[in-house]
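The values are calculated or read from the model by the stated rules, or taken from the named source; none is laboratory data. These numbers were taken from a predicted model, which means no experiment stands behind them. Here the Cβ positions follow ideal geometry from the backbone for every residue, glycine too, while neighbour counts run over all protein chains shown. Protein only, heavy atoms only, side chains kept; ligands, DNA and RNA dropped before computing areas. Shrake-Rupley method; radii C 1.70, N 1.55, O 1.52, S 1.80 Å.
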Amino acid sequence: MLFSGAKWIGDRQRKTRGGQPSPLLRKSFLLSGPIRKATLHWTALGVADLHLNGQKIGRDFLMPGWSDYRKRVQILSTDVTRLLRPGPNRLGAILGDGWYCGYLFCKGERNFYGQYPQLLARLVIELKNGRRISIVTDRTWELRYGPILSSDLYNGEHHDARKEIPDWCDPDARTVGWRRVDVFPKYRGLLQPKINEPVRVTQTLPTRKITRPAPGVYVFDFGQNLSGVCRLQIRGRRGQTITLKFAEMLKADGNVYRENLRSAQATDTHICRGGEMEEWTPRFTFHGFRYVEVTGLTRPPSKSLLTALVLHTDMKPLGQSRCSKPILNRLNQNIRWGQRGNFLDLPTDCPQRDERLGWTGDAQVFIGTAAFHRIVTGK
């Protein structure tokens, strides 16, 4: 069996209300010789980033994606041969709430499917001497908390760089402060291979303009509505809190308009560790936005402070369409951006407010256009 011997693991001691921190999980192991091939099979209730020997595995976001967890969860398999080495190794994961136990369905409620994010994984290794080894998730894994204080698809991510553990998945890192994971009951739904393309960063957009509608308030304009996150680059003092609030429009006075978000906070925060230049990109959220309100700065910012990362299902365009009418080309471009903003693991109704759901009515109206753009138009 693909997950033979593996258990669902996580943390039962985590609180079940309010913003929840993201646990770090890891397992150390030794390999006695050169590696011929290694494949990692994994899935999660929630979302996860997998790491091996200090490197993130792949470039996907919000994996394994959204499914009806009452019936099925999707699994992924990745060749990780190049990341292993003879001697000490360490496999790790960071868990986020995602659709499983974060806020969902515009009701202001959490834990629709369950209360705790969980991981299931099996690393299958074949050494060049013919020996086969399996590293599985079980109660021997270690757990502790790091810099992600909370992560939520609607509300955003809150990150404290002072709590970062840079070498947490390094095979030579210390084990002080770690404890054993909790093991959860066997999942009763189906485990199925992921059927659609992953969510990835497909484009980056620089800041077009910065305005200052009020003292200490700066609004960054990226010139395009998109779904995604921002990469922050800052040299701040230790404990300085930078707050990013996302919006699609501006009010007449130049401040961001956010009433359409309803209960979604759509806010990311970063607490600086201080000293050298630091860079941060949220892991387990996304926003629909063109504008970002930034507060907490001690001096006027440069455009390089924020870069927009466009996130959506990485569907490959198969062609292009242009005509002699500029207004039609612009309309075509707007439609493509709308499709990219609402194809995030599944077709959604919007990428910004406390909804972002896969309504079949919305999909039915748009399916003809979506199919045309998928087949005919370029990026």
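Some notes on this structure:
- Scaling the Cα radius of gyration of the stretch 324-374 by the globular reference 2.2 N^0.38 Å produces a ratio of 1.22.
- Amide H contacts of Glu278 (H built 1.01 Å from N, under 5 Å, at least 5 apart or other chain): Ile234, Arg235, Gly236
- Dividing the summed -39500 (n - 2.57) terms of all DSSP H runs of n ≥ 4 by the residue count of the chain sets its mean residue ellipticity at 222 nm at -3000 deg cm²/dmol.
- Highest-first packing order for the peptide set 276-285, 161-170 is 276-285, 161-170, based on the mean count of other beta carbon atoms within 10 Å.
- Between helix 326-342 and the chain there is an angle of about 40 degrees, using the helix long axis and the longest principal axis of the Cα atoms.
- In summary, the stretch 177-221 shows an alpha-carbon radius of gyration equal to 2.43 times the 2.2 N^0.38 Å reference for compact globular proteins.
- Cα gyration tensor of the stretch 77-230 - equivalent ellipsoid semi-axes, whole Å, descending: 35, 22, 19
- Dividing the Cα radius of gyration of the stretch 71-129 by its Kirkwood radius returns 1.14 for Rg/Rh.
- The peptide list 97-105, 21-29, 123-131, put in order of mean Cβ contacts within 10 Å with the highest first, becomes 97-105, 21-29, 123-131.
- Counting protein heavy atoms only, the stretch 196-274 has 47 percent of its accessible area on carbon and sulfur, 1.4 angstrom probe.
- Residues in the chain average 47 Å² of solvent-accessible surface per residue, probe 1.4 Å, ligands and nucleic acids excluded.
- Pairwise centroid distance, computed over Cα atoms, of the stretch 1-76 with the stretch 175-241, Å: 18 Å
- Working from label points 7 Å from Cα in the Cα-to-Cβ sense, the Val183 to Tyr145 distance is 2.5 nm.
- Degrees separating the helix 360-375 axis from the principal Cα axis of the chain, which is the longest one: 90 degrees
- Under the criterion of Cα pairs below 8 Å and six or more residues apart, the relative contact order for the chain equals 19 percent.
- Exceeding the 24 Å Cα-Cα cut-off - candidates Lys194/Lys316; Lys209/Lys251; Lys27/Lys56; Lys107/Lys251; Lys56/Lys303; Lys163/Lys303: Lys107/Lys251; Lys56/Lys303; Lys163/Lys303
- For the stretch 267-379, the Cβ-based charge dipole about the Cα centre amounts to some 660 debye (Lys, Arg positive; Asp, Glu negative; other atoms uncharged).
- Alpha-carbon gyration tensor eigenvalues x 5, square-rooted, for the stretch 1-106, Å: 28, 15, 13
- Once both labels are positioned 7 Å from their Cα atoms along Cα-to-Cβ, the gap between Ile327 and Phe372 label points is 1.8 nm.
- Gain in span if fully extended, Thr243 to Arg36, counting 0.36 nm per residue against the direct Cα distance: 69.8 nm
- Residues with amide H under 5 Å from that of Asp138, placed H, sequence gap 5 or more: Lys7
- Candidate residues Arg174, Arg356, Arg144: accessible-area rank, largest first, probe 1.4 Å: Arg174, Arg144, Arg356
- The stretch 224-362, relative contact order [Cα under 8 Å, separation at least 6], %: 34 percent
- Charge dipole magnitude, Cβ of K and R +1, D and E -1 - the chain, Cα centre, debye nearest 20: 660 debye
- Once C-alpha pairs closer than 8 Å and six or more residues apart are averaged by separation and normalised to the residue number of the stretch 298-365, the relative contact order reads 24 percent.
- Rg to Rh, two decimals, where the chain supplies the alpha carbon set and Rh follows Kirkwood: 0.98
- Using a probe radius of 1.4 angstrom, the carbon and sulfur fraction of the accessible surface of the stretch 51-128 is 45%.
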